[in-house]
Every structure is written in C-alpha cells, then in structure tokens.
Amino acid sequence: MVAVNKSPFYKYGPAQAFGADFALNRGQQLTLVQRSFGFSKVMTDDGQSGYMPTEDLVPAPFVPPPATPPVLAARRKSGSSAGSGRLYSGPVRKSAPPQKLEGATPLFDVFDVPLPSNPEPANPAEPAPAKPPSPE
C-alpha cells in the first residue's frame with residue numbers, strides 16, 4: 001500500500017531517461033512482486049507492473065474475509081417416502097443391465113484363474129514335486 005501522498009511510478013525502472021510515468025496516491029493497493037533495496041517491483045490493481053521507492057510502501061492492514069454462514073444439508077423428514085432421516089445425497093443412478101450380444105465371446109472365462117506359483121512345498125517335511133522333463 002502506498003504510504004505517502006504522491007509516489008513516483010516507473011514502468012521500466014528508476015533509471016529511465018524520461019522520469020516517472022505517473023504518481024501513485026496514498027492508500028492505493030498494490031501487489032509486491034519483488035522487494036529490493038531502494039526500489040521494489042510492484043503491480044497495480046489494473047495489471048501495470050513497474051517500480052517505486054521501497055520506502056513509500058507499507059503493508060496493507062489485514063481485513064478478514066466476510067464470514068459465510070455454514071451450509072447445512074437439507075434433511076429429509078422421517079414421514080417422507082424415504083423414511084430414513086439420512087442426509088440427501090443426490091439422485092440415485094441405476095446401472096443398466098448387461099447386454100447380451102449375439103455371437104460375441106466373453107473376454108475372460110471362469111477357468112482363466114491363474115494357478116498358484118509357489119515353488120516351495122506347503123509342508124517342509126514333504127519333498128518338493130519333481131519337475132517334468134523338458135522336451136528337447
């Protein structure tokens with residue numbers, strides 16, 4: 001926030017040849033982009049970025065956001081057709097029954113379950129089953 005009556009604002013920096021572009025008035029809200037010694041980069045409310053003396057800046061007072069009332073979900077009455085008294089959760093979507101296609105084969109069969117691949121025997125006292133001979 002601008003702390004002095006008139007503060008110079010430079011679009012390209014304080015060393016520009018033609019002087020300040022315009023002056024900012026006391027109390028104008030700014031966004032501090034980069035704070036530096038001497039001059040800081042700021043952005044005005046209308047989106048213009050530029051430089052102004054760091055000593056002319058003060059933090060804006062904190063204004064808490066307006067309090068919003070808590071939103072309470074509507075409860076169904078116990079005498080309604082639902083009769084559950086639970087919170088309303090929106091419309092109930094029913095899934096469509098699966099469609100049978102003529103001549104189509106299912107992607108998976110009931111017997112497509114993988115077999116267990118534990119190479120160790122369940123009981124260490126039993127010997128491990130012998131591997132079938134490999135066809136060579």
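The values are calculated or read from the model by the stated rules, or taken from the named source; none is laboratory data. Note that the structure is a prediction, hence the values are computed from the model and not measured. Please note: Cβ atoms are built from the backbone with ideal geometry, for glycine as well, and neighbour counts cover all protein chains shown. Ligands, DNA and RNA are stripped out before the accessible areas are found, and what is left, the full protein with its side chains, is counted by its heavy atoms. Shrake-Rupley method; radii C 1.70, N 1.55, O 1.52, S 1.80 Å.
Filter segment 25-47 down to the residues that are open to solvent by 80 Å² or more (accessible area, probe 1.4 Å), in a loop (DSSP other than H, G, I, E, B) and in contact with a strand residue (DSSP E or B) (Cβ under 9 Å, 6 or more places away or on another chain) and list them by number.
Selection gives Arg26, Gln29, Arg35, Asp45.
Being under 15 Å from Ser7 (Cα atoms) and not acidic (Asp, Glu) is the filter here, so list the residues in segment 49-69 that pass it.
Within segment 49-69, Ser49, Gly50, Tyr51, Met52, Pro53, Thr54, Leu57, Val58 meet the criteria.
Could you grab me the full set of residues in segment 1-24 that are of a type in the set (S, T, N, Q) and open to solvent by less than 60 Å² (accessible area, probe 1.4 Å)? Walk me through how you get there before you give the answer.
Here is the first cut: in segment 1-24, the residues of a type in the set (S, T, N, Q) are 5, 7, 16.
Within segment 1-24, Ser7, Gln16 qualify.
Please find, within segment 44-86, the residue that is farthest from Thr31 (Cα to Cα) out of those that are modelled with pLDDT of 65 or more and among the hydrophobic types (A, V, I, L, M, F, W, C). Break it down into steps so the answer makes sense when it comes.
Going through segment 44-86, the residues modelled with pLDDT of 65 or more turn out to be 44-70.
Right, trim to among the hydrophobic types (A, V, I, L, M, F, W, C) and you get 52, 57-58, 60, 62-63, 67.
Details: Met52: 12, Leu57: 10, Val58: 11, Ala60: 10, Phe62: 14, Val63: 15, Ala67: 24 Å.
The qualifying residue farthest from Thr31 (Cα to Cα) is Ala67.
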